1. Across region 98-112, in residue order, what do the Karplus-derived ³J(HN,Hα) couplings come to in whole Hz, using 6.51 cos²θ - 1.76 cosθ + 1.60 with θ = phi - 60° and x for Gly and Pro?
2. Note down the nm distance, to one decimal, between modelled labels 7 Å out along Cα→Cβ at D87 and at R21.
3. Quick query: amide H of V146 versus all other amide H atoms, modeled in the peptide plane; which residues come in under 5 Å with a sequence gap of 5 or more or a different chain?
4. Before I look further, what does region 21-170 give for accessible area per residue, probe 1.4 Å, in whole square angstrom?
5. Which one of L53, L14, L114 has the biggest mean-square fluctuation once the chain is modelled by GNM with Cα springs under 10 Å?
6. Apply the Karplus curve 6.51 cos²θ - 1.76 cosθ + 1.60, θ = phi - 60°, to the phi angles in region 147-157 and return the couplings in whole Hz, x for Gly and Pro.
7. Report the gain in length on full extension from T129 to E144: 0.36 nm times residue separation, minus Cα-Cα distance, nm rounded to one decimal.
8. In the set (1) -0.31, -0.54, -0.61, -1.00; (2) -0.36, -0.64, -0.73, -1.16; (3) -0.24, -0.45, -0.53, -1.06, which value of log10 I(q)/I(0) by the Debye sum over Cα atoms at q = 0.08, 0.11, 0.12, 0.17 Å⁻¹ was calculated from the structure you see?
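The values are calculated or read from the model by the stated rules, or taken from the named source; none is laboratory data. The model shown is predicted, which means the values in this text are computed figures rather than measured ones. Cβ placement follows ideal geometry from the backbone for every residue including glycine, while neighbour counts extend to all protein chains displayed. Remember, those area values only see protein heavy atoms, side chains included, never the ligands or the DNA or RNA. Shrake-Rupley method; radii C 1.70, N 1.55, O 1.52, S 1.80 Å.
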Amino acid sequence: MTPPTTDSASAGTLAERVSGRSWTLSDPYQVARPALRDFAAAVGATHPMHHHLESARAAGHADLVAPPTFVVKVTQAADFLMLADPDLGIRLQNVVHGEQSFTHERPVVAGDELTATTEVTGAKMVGTTCMLQLSTRVLDAAEELVATGTSTLVIATATPEDSSTEGKDA
């Protein structure tokens, strides 16, 4: 899905428009066994707790255990709310994901219902490029913290049309 774009984004630089804002998923992400198994296979996570219910339960978990990076499915869904915000006028093709890390409070398991809130913790302009630091808190149905994702996004705010008109009289 491509986020809506707008040429009439609010005034100010992207860093000014995004600073201090947050976005929350409206519907919980349902962690399902098939999705967890598929993700584990995709990232090469072969531990039996990711694939076999008996192994997960023998290790003391209620259900299959997600690989640590599985939480990216939830954090990026919340991040996408920011990227799709029409007030910001971000063009997805101008976004580069710089880095990502996670701090886990407990493992994600099949059956979890997770919500996430992305908050802009830092924003600065470097020329026409916006450097964003995001922190995304992932909570379970009991509103207990499960994990926190931090990431950096690099967003070009000038378009080719903008740079082709530089130095020309209007």
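1. Per-residue couplings from phi come out as x, 7, 8, 8, 10, 10, 9, 8, 7, x, 7, 10, 4, x, 4 Hz.
2. Output for this residue pair reads 0.6 nm.
3. V138, L139, D140
4. Details: 7930 Å² over 150 residues.
Accessible area per residue, region 21-170: 53 Å².
5. L53
6. Residue by residue, region 147-157 yields 7, 10, x, 10, 8, 10, 10, 10, 10, 6, 9 Hz.
7. Details: separation 15, 0.36 × 15 = 5.40 nm, distance 3.56 nm.
So the extension gain works out to 1.8 nm.
8. (1)
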